[in-house]
Amino acid sequence: MVDALAIKGKRKKTTSVRLEVKPIELPDAPPIDTKYFTIYLANPLNSGESTTLEVLYVFTHFLEPFPAEIAQSESQLVFYNDTALILSPYHIKQQTTFIKTPSTKVESFIRMEPTNRVGTEIKYGPYEDRPPYSISPIHVHFENNSPFAVVEELVQEIEISHWGNIQVTEHYKLVHAGARHKGVFSRVDYQSRQSSNGASSFRYLLARLPPRVHSVYYRDEIGNISSSHLRTDSLKNGRRFIALCVLNARCFDYSVANVVSSFMIMHLHLNAAFAIIPVEAKSELEIEPRYPLFGGWKATFVIGYGLPLQDFLFESSDDKRYLNFTFGCPLIGMVVDKLTIKVVLPEGSTDPSPVVPFPVEHHLEAKYSSLDVVGRTVVVLEKKNFVPMHNSHFQVYYTFKPIFMLAEPLMLASAFFMFFVACVAYIHIDLSI
Amino acid sequence: MFKVAVTLVVSVGLAVCCAVIAVLIALVASSPTKGWSGRSLSLLDPTYASKYIPIIASVSEHQPPTWPSYFMDINVLAFLVPAGIIACFLPLSDASSFVVLYIATSVYFSGVMVRLMLVLAPAACITSGIALSQAFDVFTGSIKFQLTGASSNTEVDAAETSSSTAESQTDAVKTEKPEETAKNRPSRKSKKKEREHGEKPSTKAKAEKKRLLALPLESSVISLLLLVLLGAFYVVHCVWAAAEAYSAPSIVLTSRSHDGLHVFDDFREAYAWLRHNTDVDDKVASWWDYGYQTTAMANRTVIVDNNTWNNTHIATVGTAMSSPERAAWEIFHSLDVKYVLVVFGGLVGYPSDDINKFLWMVRIGGGVFPHIKEPDYLRDGQYRIDSQATPTMLNCLMYKLSYYRFVETDGKGFDRVRQTEIGKKYFKLTHFEEVR
């Protein structure tokens, strides 16, 4: 249930360089089931030298709500299980762990001396001279009222039409994965005293869509959902900054001055990691499910919109076209358990090949849509356990001869032509004996 | 040989027919209402339903219509219909007498039940069409008459106009029987020719009469224009009625407030919640108005729905809604109900909520279960929910479910639909709990 994605950065003074990370298999692993990743350093490290590394881990479904069921007026408490020493195949000279909680309400935490708690930060350490693969389990029981919105399944269908439009349809299954709601739901309490009621429930979801989006619809199986707002920003004064809040994630970075002999500092952030990212103008869709979601409640809906083709389809150097799209869920800060992206290429495309920066499963399908003779090729990409860190661009390359654009109009024109010719022939033919 | 076969087949067929007719007569004679169902009996005796079958009386489409609803539905035709009836008598033929009978019976039946306004509509259209075309004839004939002017021409024209008006009269009356028109036209034409040959002096007299009956030119032109305007306004009204009055979806309610259109999507919110957050086998009990909606949108089994065929079952639900909590819980438990759906409009002012329909729940329940007596819920002949309400009313399930913790919304419990404060403000639910 743990799937780690690591992005490494190397800090020398203030510059950071991305290092390559690859998962590897170690046949002689210790009895706990662990995954191994190799970090390739930029320059080989000689004996006596030191480098600093910063490692980012994101885990999903890691916080366990305890108690598992809460009533409307209670706030949500979760367990965080971890080890005070990081699991490392190397000898640890010195280590300090900082755990940052979102609020000062901490029910309990296991002490492993030396342990200190200041405000929202708990400090474990410094621990000296530990052998490799040593673990010391700790847990922290704290209050966490941020909404645990999890998209169970997201199917995103991107249909490319060379007549100038890309139509995107997304099917969501949303669930509140926090402590289950038990007992009475009182509408009066919910609407009047919101600070103390339903603190862990959520009502609004924000989706970020590309600019110049049109024909946005938001509906479910029953019909259109009328509670949504669309704001399209225009690029006013240069760049805008949007804070990306990471939910359900645990990230820590540690700096290693020397792998063999120096001190290490580990920073552990919990549910409070903010990354300020400069972004271009975007459209924002604020959607509200039909009812506020409490623990264990589900909702499903469909969001669809159209995009102009020239923003996303480009021509590559070897005469192939490619679609440059963002891999991911437009809903900000969502964990997606199973993400499926289907790219429907226009009829007559050949040689589809996706290029995605991280490993995904992919296969091809065929889809028969309007005015299709041979069917359209569909490139299906599947990813499990998707977090917003994965939000990067991916490309799908394909070849398309421009003559195929004429296929549909010619088909329609010839159909009507045949029909009219048949009518004319029928009128003028004399079939009497 | 052939004849024997023919007689055999014919006699066997006759015997089978007689047997079937005998069975039918036996069936009809054995039922207490001689084969008439409750709804059709209430057409003959409008008080039948309210005395014996309250569920038929409770449907609002079965009530007698009010005068304004006539004007809303057929508008201008309301005063063109009598003119058309008179025009039908002007020559009384088979076709025109059919139209008169049709309009008379449909007016009677639409006066008994509002939904039979549908039956009145074609008859009203036909008769008012007759009246309008007669009026057009008179005006256009006068215009033609005035414009031609010379006397000999007027004689011929008068003869022509008289026969043409006679013909157009027959045409207007016989809109439904074109074959008969074709048949009659040659006969009328031959009659006209005979008239022309033999009755020239009488046509002269007729022409004289016609000249006196013709209207002045200006007034006929203006009247023509006004008639056209009348038709145009009628079309505008019909389009508006179809768009506003008959196309409003009853599930999504809108209201205009100072900051734009406010949409109340509460029905769909409840149905979506039921669809996603309850088990597939859970049963929902509500009043029958919401049965089909719940089945379609929430995808759950309901106890009673809009197909109000099982009167006893609906009476069971009505009894449960009118009983105190413990008795209601037992009824719902025996029906294996998990969720009870109640519509309450007192907070926003939505008038068709379950408290307003409550009187029918009492009547229908009381019709089958005699321990529900309507006078228990009435104070001075009225259903009240304020401090003057009867204790049975204040204890019944519908009151409790609707007003549970209502007083906490504004401190006083003011019901916007009934425009009073509620009677019992602070109470607890012992057998039910609020889940949505």
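Taking helices (runs of 4 or more DSSP H) as the structural unit, those lying wholly within region B:167-282 and holding at least 1 residues that are at pLDDT below 50 correspond to B:178-198.
Do we have B:Val302 as buried (at least 21 other Cβ atoms within 10 Å of the Cβ) and free of Cβ contacts under 8 Å to residues at least 24 places away in the same chain here? For B:Val302, the condition - buried (at least 21 other Cβ atoms within 10 Å of the Cβ) and free of Cβ contacts under 8 Å to residues at least 24 places away in the same chain - is met.
For the residues B:Val138, B:Val107, the requirement of being under 28 Å from B:Ser40 (Cβ atoms) and assigned to a helix (DSSP H, G or I) singles out B:Val107.
Counting only strands (runs of 3 or more DSSP E) that fall entirely inside region A:96-138 and contain at least 2 residues that are touching a strand residue (DSSP E or B) at 6+ places or on another chain (Cβ under 8 Å) and basic (Lys, Arg), the qualifying elements are A:121-130. Scanning region B:387-404 for any residue that is part of a helix (DSSP H, G or I), within 14 Å of chain A (Cβ to nearest Cβ), surrounded by fewer than 19 Cβ atoms within 10 Å (Cβ to Cβ) and out of contact with any Asp or Glu (no Cβ under 8 Å at 6 or more places or on another chain) turns up nothing.
May I ask you to list pairs of residues, at least six apart or on different chains, whose Cβ atoms are under 6 Å apart, with the first in region A:204-231 being more than 14 Å from chain B (Cβ to nearest Cβ) and the second being of a type in the set (Val, Ile, Thr)? Between residues of region A:204-231 that are more than 14 Å from chain B (Cβ to nearest Cβ) and residues that are of a type in the set (Val, Ile, Thr), the close pairs are A:Leu205/A:Ile287; A:Leu206/A:Ile332; A:Arg208/A:Ile332; A:Leu230/A:Val216. When we screen B:Glu421, B:Glu374, B:Glu434 for residues that are touching a Lys or Arg at 6+ places or on another chain (Cβ under 8 Å), of a type in the set (Asp, Glu) and modelled with pLDDT of 80 or more, the only hit is B:Glu374. What do you reckon, is A:Phe417 in contact with a Gly (Cβ under 8 Å, 6 or more places away or on another chain), modelled with pLDDT of 80 or more and aromatic (Phe, Trp, Tyr)? Criteria not met by A:Phe417. Taking B:Glu330 as the residue in question, decide whether it is touching an Asp or Glu at 6+ places or on another chain (Cβ under 9 Å) and free of Cβ contacts under 8 Å to residues at least 12 places away in the same chain. When the stated conditions are applied, B:Glu330 does not pass them.
All of B:Ile331, B:Ile355, B:Ile364, B:Ile314 fail the test of being in contact with a helix residue (DSSP H, G or I) (Cβ under 9 Å, 6 or more places away or on another chain) and assigned to a loop (DSSP other than H, G, I, E, B), apart from B:Ile355. For region B:261-276, the set of residues classified as more than 30 Å from the chain's Cα centre (by Cα) and either of a type in the set (D, E, K, R) or within 7 Å of chain A (Cβ to nearest Cβ) (or both) consists of B:Glu269, B:Ala272, B:Trp273, B:Arg275, B:His276, listed by residue number.
Please state which one of A:Phe148, A:Phe142, A:Phe185 is surrounded by 15 or more Cβ atoms within 10 Å (Cβ to Cβ), farther than 30 Å from A:Ser370 by Cβ and within 14 Å of chain B (Cβ to nearest Cβ).
A:Phe185
For region B:298-312, a residue qualifies if it is out of contact with any strand residue (DSSP E or B) (no Cβ under 6 Å at 6 or more places or on another chain), under 11 Å from B:Leu274 (Cβ atoms) and of a type outside the set (Gly, Ala, Ser), and exactly one does: B:Asn299.
For region B:324-338, does any single residue satisfy the condition of being closer than 30 Å to A:Arg203 by Cα and within 14 Å of another protein chain (Cβ to nearest Cβ)? Checked against the condition, which is being closer than 30 Å to A:Arg203 by Cα and within 14 Å of another protein chain (Cβ to nearest Cβ), region B:324-338 yields no hits at all.
If we scan region B:114-122, do we find a residue that is in the same structural domain as B:Glu218 (by the TED database) and within 19 Å of B:Leu224 (Cα to Cα)? No, region B:114-122 contains no residue that is in the same structural domain as B:Glu218 (by the TED database) and within 19 Å of B:Leu224 (Cα to Cα). For beta carbons closer than 7 Å, sequence separation of 6+ or different chains, a first residue in region B:307-322 that is crowded, with 17+ Cβ neighbours inside 10 Å and a second that is outside any helix (DSSP H, G or I) and among the small types (Gly, Ala, Ser), the qualifying pairs are B:Val317/B:Ala285. Looking across region A:293-313, the residues that are within 14 Å of chain B (Cβ to nearest Cβ), surrounded by fewer than 19 Cβ atoms within 10 Å (Cβ to Cβ) and either of a type in the set (Val, Ile, Thr) or in contact with a Ser or Thr (Cβ under 9 Å, 6 or more places away or on another chain) (or both) come down to A:Thr300, A:Val302.
The values are calculated or read from the model by the stated rules, or taken from the named source; none is laboratory data. Since the structure is predicted, the reported quantities are computational estimates derived from the model, not experimental observations. Cβ: placed from backbone, ideal geometry, glycine included. Neighbour counts: every protein chain shown.
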